[in-house]
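The values are calculated or read from the model by the stated rules, or taken from the named source; none is laboratory data. From a predicted model like this one, the values you see are computed outputs, not experimental measurements. Ideal geometry is used to build each Cβ from the backbone, glycine not excepted, and the neighbour counts take in all protein chains shown. Remember, those area values only see protein heavy atoms, side chains included, never the ligands or the DNA or RNA. Shrake-Rupley method; radii C 1.70, N 1.55, O 1.52, S 1.80 Å.
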Amino acid sequence: MLKKNLHSIIKISLIVAIAFLGFNQKISAQNVAINNTVGAYSGNVIVGAKANHAMEMIYLGTEIGTTNFTATTTAITRVEFSLNALSTATIPATVADSFKIYMKNVPTATTVFATGTASYTGYTKVYDGAFTFAATGWNGVNLSTSFKRTGNSNLQILVVRNNNDSTSAGLFVDCSTGNSTSTATTTYSARRYNGTPLFVAGSSSLTQSGFRPAIRLIHQSAIDVQAVSIVTPPASSCFSASQSFSVTIKNTGIGGPIAAGAVSLSFGISGANTYTTTQTSGAAIPIGGTQTLTFSSININTVGFNKIQAIATLASDGDHTNDTANAGITTTATLTGFPYYENAVLPTTVLKYLKALNGSQLWGAYSTSAGITFKGETILPYASAGGDTSLFIFLGAGSGLNSVGWKSLLYTDCMQLPAGQPSANYNLNFYMTTDSATAVGNDSLYVDITTDKGVTWNRIAGFQRYDANTIDYTWVQKSVSLSAYAGQTIQIGFEGTSQLGNLIGLDEINVVANYPLPVTLNTFTGTREGTRNVLKWETVN
């Protein structure tokens, strides 16, 4: 039941993210990432937390692509692993030596491991040297020996760190689900060794693991430029001034530096707003180096979704599958009529946008009269008079306490609050779930406000999910004053944070900024008619 519910929320969350946030860059045939779990990570994979470590894992041919990396000209030349943003160890973190990677092709029927000893039989050593996690996200090494897959085979990889060094403790590496996701069975697509003695193939035992590291397999050409990413304004907002965008390009070739001015970068916006231009690169870019080009004074003031695309062109480029980067941002409406009400029924009317602050984006809209069961407790939607069956859920993915926590923001269109009315008229009212199930309050909900188009978000109120005075998962109404923002254009965000991995429910959101209209009298008369007094008046507005 737990897995089913988690899957449902994650699926809905991703649907919302795609609907509101726009485009994601497609995986190319020369650059395949296998990272299909939201929020899964482990401190005991790839580098491990003990003095020595080994990890063996299987990636299916269907995950990699049956025709990818199957020729000498397209063989795997680089491997990368993803460092989670929650890592607490010092970064950069380097395994100075004795980091080895082995690969071999195995039949499609070979999909799982049993606990037991590893062997080097059939493996090709493709790397032996240092490994550095320089930052969160993808980090990797260029292989000393390229590896060619055979068609329709699975790929088995063995990673060994034998350097008697446990300083990697605190590095959390992202994981993928693998071909078996049930921890109740004995079918696992990964196994690992964490120990004080050196790992010795043929004698050291590897234990089955439900954590298979996320991996990126890459073929690099001699001459190759990659459009890595596009940086947009920090949030979807009601833009009323020109904006700047930046595009990072990278020399992913292995044949030498890219000469100064050799890359032509086309930049375009389509959708609600349109724009096209081209820039050339600046100074020479060394192997593995990056360069950022900035495009300024761009108007995206028209309301609607903007698709953004950058295409890098380099003469003799050997891999055109990574030349294009995509992004998207919405120019929001500015709301002026109050009150505004949101009950999470899709499509949403006010709370439309999502932003990951730390870790993965974990807000999702969940709709069912049966509610959702999590950790033995059932959360039903708030029982409104209209019979609403929908609610927003923040799914905390932390598996235990950590010093950072998962943070996600769910936020609104712009709202232009009127000025000049009594302070009591400006309020944000909503219902959230509280419970007394856990004796600490590490999962919280904050109300955030931005007045600068999402550049900065300021917490103005906070509420713990845990409340010793309530029964489990009770709906409690909260109210936050917005009077400090009278006369300003703001966006309201609900920031969900999690360190324990519980759920936070949010429902029946109401933004009130009622402005009592003035009445100006034009005429006013009174007459006596028998036993009655008759009053007559006329107003100008």
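Overview of values
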{"read-out": "Residue in region 378-419 that is modelled with the lowest pLDDT, counting only those that are outside any loop (DSSP other than H, G, I, E, B) and more than 26 Å from the chain's Cα centre (by Cα)", "value": "T378"}
{"read-out": "Subset of region 42-53 [buried (at least 24 other Cβ atoms within 10 Å of the Cβ) and either at pLDDT below 90 or more than 26 Å from the chain's Cα centre (by Cα) (or both)]", "value": "H53"}
{"read-out": "Residues (over 22 Å from V112 (Cα atoms) and either in a strand (DSSP E or B) or of a type outside the set (S, T, N, Q) (or both)) located in region 162-175", "value": "N162, D165, A169, G170, L171, F172"}
{"read-out": "Any hit, region 292-308, residues being among the hydroxyl-bearing types (S, T, Y) and on the phi > 0 side of the Ramachandran plot", "value": "yes"}
{"read-out": "Cβ pairs under 8 Å, 6+ apart, first in region 260-277 and over 24 Å from T302 (Cβ atoms) and modelled with pLDDT under 95, second open to solvent by 50 Å² or more (accessible area, probe 1.4 Å) and outside any loop (DSSP other than H, G, I, E, B)", "value": "none"}
{"read-out": "Every residue from region 139-156 that is among the hydroxyl-bearing types (S, T, Y) and open to solvent by 20 Å² or more (accessible area, probe 1.4 Å)", "value": "S144, T145, S146, T150"}
{"read-out": "Selection count where residues are within 22 Å of the chain's Cα centre (by Cα), closer than 17 Å to T321 by Cα and open to solvent by less than 10 Å² (accessible area, probe 1.4 Å), scope region 216-246", "value": "2"}
{"read-out": "Failed item in (1) open to solvent by less than 40 Å² (accessible area, probe 1.4 Å); (2) touching a Pro at 6+ places or on another chain (Cβ under 9 Å); (3) in a loop (DSSP other than H, G, I, E, B), with V159 passing the rest", "value": "(3)"}
{"read-out": "Checking A201 against (1) within 28 Å of the chain's Cα centre (by Cα); (2) closer than 26 Å to G140 by Cα; (3) assigned to a loop (DSSP other than H, G, I, E, B), the condition it does not meet", "value": "(1)"}
{"read-out": "Residues being of a type outside the set (D, E, K, R), part of a strand (DSSP E or B) and free of Cβ contacts under 8 Å to residues at least 60 places away in the same chain - total across region 82-124", "value": "7"}
{"read-out": "Leading residue by the ranking (modelled with the lowest pLDDT) among those in region 318-348 that are under 30 Å from A75 (Cα atoms) and charged (D, E, K, R)", "value": "D319"}
